[in-house]
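A.B. asks: This is the structure I have questions about; it appears just below.
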Amino acid sequence: MGVLPWVAWYAFRRHTAYPLSAFAEALTNTVFGFLRAYLLIALWNERPGLGGYDVADAVTFCFLTQALIGPVQIFGGMELTERIRSGDVAIDLHRPVDLQAWWLADDLARGIAAAPAPRVQRRRGGGRAGGTVRRAPHRPAGDRHRGGRGPALPGRGRLRPRRAARRPLTVAPGGQRAAE
């Protein structure tokens, strides 16, 4: 067996050593996913059919992006930069293993270790949020903009159609509202 499978194995063990922290990461991402989802639902209440998408598409996008934060490691991955800053990368360059292959094996093992969390997050958290949003029957996107209504939300009635432009309020002298 070569060096790179061992690097991947030890990286996998390092990233799965603390299952409670993986659970906490998934829980935190789920909570923030709900916050983002409710903001998007409020936005779609005001502007149905925004960008040609409906509420269910927006909530799905929200939970998929939240679920990919861990495996993609969009906010982390500072180990190599720390090694460059401290000068330890010079030792890494003298090893008989390619530096990029070493870090690729490490990163792939980390991604594999973080892969189960998004599935749980999408099933538990996103599935519950998805239950609050029903898809409307398929209509062309242009129908919504011509006075059509968006999808129904359980317990909240239907989404409101776009509001008509408001006329300015005119006030007659003496504080009475002017006749229109």
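Values in this text are rule-based calculations from the coordinates and carry no lab data. Note that the structure is a prediction, hence the values are computed from the model and not measured.
A.B. asks: Quick one: grab the alpha carbon gyration tensor of region 3-135, order the square roots of its eigenvalues as a ≥ b ≥ c, and give me rounded if a/c is under 1.5, else prolate or oblate depending on whether a/b is larger than b/c.
C.D. replies: Prolate, because a/c is 1.5 or more and a/b exceeds b/c.
A.B. asks: Give the long-range amide H neighbours of THR16: residues separated by 5 or more places, or on another chain, with amide H under 5 Å away, using H modelled in the peptide plane at 1.01 Å from N.
C.D. replies: none
A.B. asks: Sticking with this one: Spelling out what I want: for every residue of region 60-74, take phi, set θ = phi - 60°, compute 6.51 cos²θ - 1.76 cosθ + 1.60 (Karplus), and round to whole Hz; glycine and proline get x.
C.D. replies: For region 60-74, the Karplus-derived couplings read 4, 4, 4, 6, 5, 5, 5, 6, 8, 4, x, x, 7, 6, 6 Hz, x marking Gly and Pro.
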